[in-house]
Amino acid sequence: MDAMVETLPLRAALVGNPNCGKTALFNQLTGSRQKVANYAGVTVERKEGRLTTPAGRGVRLLDLPGAYSLTATSPDEAVTRDVCAGRYRGEPAPELLICVLSATNLRLHLRFALEVRQLGRPMVVVLNMLDAARRQGMVIDVPRLQHELGVPVVTAVAIRKNGATDLLDLLDHPPLTGPAPSAKDEDLHATVRRLLTECVSRPSAGTEALEDRLDRWVLSPVTGLLILFALMFVMFQAVFSWAQPLMDSIDAGVSAFGELVRHVLPDGVLQSLIVDGVIAGAGTVIVFLPQILILFLWILVLEESGYLPRAAFLLDRIMASAGLSGRSFIPLLSSFACAVPGIMATRTIQNPRDRLITILLAPLMTCSARLPVYTLLIAAFVPDRYVGGVFNLHGLVLFTLYMAAIGSALIVAWVLKRGGKATEHPLLLELPAYRLPNLRDLGLGLWQRAVIFLSRVGTIIVTLSVLLWALSSFPAPPAGATGPAIDYSLAGRIGHWMLPLFAPIGFNWQICVALIPGLAAREVAVSALGTVYAVGGGETDAAAQLTPLLSAQWSLATALSLLAWYVFAPQCFSTLAVIRRETGGWKMVVVTATYLFGLAYAASFVTWRVALAFGGGAS
Amino acid sequence: MIEVLIVGVLVVACGLYWLGRLAPSVTRGLWRGTGRVLDVVHAPVPVRQAVAGRAGSTSAGGCGGCKGCGKDGGGCH
């Protein structure tokens, strides 16, 4: 029996305050690559991994969302509370709780450790970020702390290779019994103060720390907002200015590859499928990889540096005027990458109504999938010149589109909250220490983004391009037909059938066709346009020539109308699926789809009419 | 003729991929049916196992860009 128990993996769970390095430790121990960042609330659901200790013992490790207390106030904290207490459905209570503390913030984190200790379950304490604490001049008497807490205490630097060897060694022989119970009415704050006095020595307060000096500028309502605005502005300038040489190279590569395939394959359906379907479809989207990577480079740097929570703090007043709390900032900011993790991140919001409204707003944030649509249309219709000799006009327009989305979200929030009365608790935010971004982590993050983007191209976009090619090519036109072949195809008929609905907002039938696969993923609209124009127009190089093709065939009013549509674009299927999962029903899915479709249609209609009035109707 | 066959297979495969994403229960039924046919015709075991695996698999969640939450691949973005 004992032998069998030994062979069963140990069930351990990582718990601790937000941003203490649990996920970094989880990644270090299990070899996973879960997302880590320098702000609270990155992990919102339990993650599971496995590891083997040096002595060969198997461990099943859970990474739980960060919590400030076991008295949960938000859905993510409830997961941690329930798992620790053994009440989580389908999850037996962990045999070992690994309580991770940031050594730089023991005043806050020790309180949670004491609360976990009151559970009486076997536990160990990991003092993480010991290197940062040492840099701050702190000296921690680890044996004394272990004695006072009555549980094993080990140190770790989770972001460093082999930074958790002490913990690994401990997992070979974990404690089998819990700590001695403490008094139920124990004053945890008083105990923390005593532990800090007895076990931690700090350098005497001297000159103002660099962080404090930085924060005086960064958190000021005036200079802070200016810095935030400048950072965002430069980000969008960079997206256009830095990416262009790389985009040109990829464009040339795609074009050359298309020509090569056209010469190698004999004329026929297979050549048409590969060149007009796959290359024209996927090739038009793959070109945008450099821009997406530059956008994410900025986001990753801001995440790693510890700036993001400060931006949330700055924007709290503005968001409160729309009835939102600063707690909505991180979920909404995550939605700039993709609405799916953004909507999941709303689990950190305590008030159910505020959470629901943040979920409704998340699809309004400009996700990276919209970037190809925006940049294609901007490149086709906005002159490539500099304003004042410094600012790239393309970047300015892109910045305006992002700001339009943010402005719209605030207005929608205000309307939904009926006058903007915040119901969420006042924003209490832990500001992490500033940190220079680790180049390896940045590289890894960008690599993951590139893999995600390319896997979407290789699966979603290629398969949809093939299907759209088939719909655009079949059935063949009847004998004696005089119109373009695509008019007789299924796609052509669907496009013409949808036209009466979308003609009032300036869309042509090709755009109507592209809107359907665009529901699967917004960037597919670009590949769909590539395929439709390649099949329909007989363009030999639609993948590389889509930009001039559109500027020649569409009016400026049509392009602006489509841009307005995509600011509010009815969301992709994945977003709808995650809304259903997070709200537990279809009602909010229907509400979201309906209000976004209405907004998109209204915005496009107004844009189209205004553009026509100003003479933008000529192609 | 071979060209048409290749194109047909590719288009059907892409259609099945999307059917699997949008209506996984329908595709699982299709794979179960295929599995029964393969059993009747005594198809090679690896083929039958592959089909049985598809019949029992669950659909991938998320946006299709990641390998699913909780796996080593890296969660959701």
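Details
- Just the protein heavy atoms count here, and of the accessible area of the stretch A:465-619 at 1.4 Å, carbon and sulfur take up 69 percent.
- The B-A contact accounts for approximately 2400 Å² of buried accessible area, totalled over both chains at a 1.4 Å probe radius.
- For the stretch A:258-303, the fraction of C-alpha pairs farther apart than 12 angstrom is 66 percent.
- Percent accessible area from carbon and sulfur atoms, the stretch A:10-203, protein chains only, probe 1.4 Å: 49 percent
- Packing order of peptides A:478-484, A:574-580, B:24-30, A:48-54, highest average first: A:574-580, A:48-54, B:24-30, A:478-484 (average count of other Cβ atoms within 10 Å over each peptide's residues).
- In order through the stretch A:555-568: 3J(HN,Hα) via Karplus (6.51 cos²θ - 1.76 cosθ + 1.60), integer Hz, x for Gly, Pro: 7, 4, 4, 4, 5, 5, 4, 5, 4, 4, 4, 7, 5, 10
- Efficiency of FRET from Cβ geometry, A:V415 and A:R493, R₀ 60 Å, rounded to 0.05: 0.95
- For the stretch A:10-203: accessible area per residue (Å², 1.4 Å): 41 Å²
- Cα-based shape type of the stretch A:114-161, given that a ≥ b ≥ c are square roots of the gyration tensor eigenvalues and the cut on a/c is 1.5: prolate
- Here the mean projected area of the convex hull built on the C-alpha positions of the stretch A:10-203 is 10.2 nm².
- Within the stretch A:451-486: backbone nitrogen closer than 17 Å to the B:L16 label point (7 Å, Cα to C-beta): A:459-460, A:463-464, A:466-467
- Stokes-Einstein diffusion coefficient of the stretch A:235-322, Kirkwood radius over Cα pairs, 37 °C, 0.692 mPa s, in µm²/s: 204 µm²/s
- Rounded to whole Hz, the Karplus (6.51, -1.76, 1.60) HN-Hα couplings of the stretch A:92-107, x for glycine and proline: x, 4, x, 7, 9, 9, 9, 8, 8, 10, 7, 5, 7, 9, 5, 4
- Where only DSSP H runs of four or more residues are counted, chain A gives -17500 deg cm²/dmol as its mean residue ellipticity at 222 nm, each run worth -39500 (n - 2.57).
- Here the spin labels are modelled as points 7 Å beyond Cα on the Cα-Cβ line, and at A:E211 and A:D131 they lie 1.6 nm apart.
- Cut-off under 5 Å, modelled amide H: who pairs with A:R50 long-range: A:L61
- Other residues lying with their Cβ under 11 Å from the Cβ of A:W447 contribute a combined charge of +2, Lys and Arg counting +1, Asp and Glu -1.
- Cα long-axis angle, helix A:308-321 against chain A (0 to 90 degrees, to the nearest 10): 70 degrees
- Translational diffusion coefficient (Stokes-Einstein; Kirkwood radius from C-alpha pairs) of the stretch A:108-209 at 10 °C, 1.306 mPa s, in µm²/s: 107 µm²/s
- A loss of 10 Å² or more of accessible area (1.4 Å probe, protein heavy atoms, ligands and nucleic acids excluded) relative to the isolated chain is seen in these residues of the stretch A:269-284: A:V269, A:L270, A:L273.
- Shown for the stretch A:482-524: residues covered by the partner protein chains by 10 Å² or more of accessible area relative to the chain by itself (probe radius 1.4 Å), namely A:A520.
- The accessible-area loss of the stretch A:325-363 on complex formation, taken against its chain alone with a 1.4 Å probe, reaches 30 Å² or more at A:V340, A:P341.
- The modelled label-to-label distance between A:R193 and A:W447, using points 7 Å beyond Cα along the C-beta direction, is 4.9 nm.
- Net charge of neighbours whose Cβ lies under 14 Å from the Cβ of A:C367, counting Lys and Arg as +1 and Asp and Glu as -1: +3
- Its convex hull of Cα atoms gives chain A a direction-averaged projected area, equal to a quarter of the hull surface, of 33.4 nm².
- Here is the size of the stretch A:554-619 from its Cα atoms: Rg then Dmax, 15.1, 48 Å.
The values are calculated or read from the model by the stated rules, or taken from the named source; none is laboratory data. Computed from a predicted structure; not experimentally measured. Reconstructed Cβ throughout: ideal geometry from the backbone, glycine too, with neighbour counts over all protein chains shown. Heads up: the accessible areas ignore ligands, DNA and RNA and are worked out on the full protein's heavy atoms, side chains in. Shrake-Rupley method; radii C 1.70, N 1.55, O 1.52, S 1.80 Å.
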